[in-house]
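The values are calculated or read from the model by the stated rules, or taken from the named source; none is laboratory data. Every value quoted in this text rests on a predicted model; they were computed, and no experiment measured them. Please note that ligands, DNA and RNA were not included when accessible areas were found on the heavy atoms of the full protein model with its side chains. Shrake-Rupley method; radii C 1.70, N 1.55, O 1.52, S 1.80 Å.
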Amino acid sequence: MDERVYTEIERLRSLSIQKLRARYREVFGEDSRTAHKQHLVRQIAWRLQVQAQGDLSERARQRALEIADDADLKTQVPPHWKGEEPIPQSRGRSPHAGRIPAAGTLLRRVYRDRTVVVKILTEGFEYEGRRYGSLSAVARAATGTRRNGLLFFGLTQRGKEKRHAAR
């Protein structure tokens, strides 16, 4: 990477929050919604590196989308980033298709003296009359906290549990 970029990134750490927010506005073309210094430094540093070296390859971008497919993420791209396609809101369930039962199946889980019932649809899930794009979103709606939907409904095990079960 260019020495100029390294120098600029090092300089960011010494800037005040007000100056970091101004620099954020310069590199992203919009105001920052945070005043967290470390977050601002990381975001600006990332953008400077992208500008100097280029963004992720299409293959890496697709892999990242597969990994994040089950997460509840912000997916809006700033409109001024010309040439970039917005990340689609729903990408189906292909990465987890082997672990998710067929459409029409009902998943049940007791949580705090309440039975959570989810219907698997062709595209997404239905819980209490609402549609969700992922089981994690359903688990969040049911519990009020972020949870891995596959774990919550017993469709997979944590890494350690998988290793012990295989022995």
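Per residue, the accessible area of the range 10-54 comes to 67 Å², computed with a 1.4 Å probe over protein heavy atoms only. According to the Cα-based calculation, Rg over Rh for the range 11-57 is 0.97, with Rh computed by the Kirkwood formula. Once the Cα-Cα distance is subtracted from the 0.36 nm per residue extended length, the residue 158 to residue 64 segment shows a gain of 31.8 nm. Residue separation of residue 53 and residue 10 scaled by 0.36 nm, minus their Cα-Cα distance, works out to 13.7 nm of gained length.
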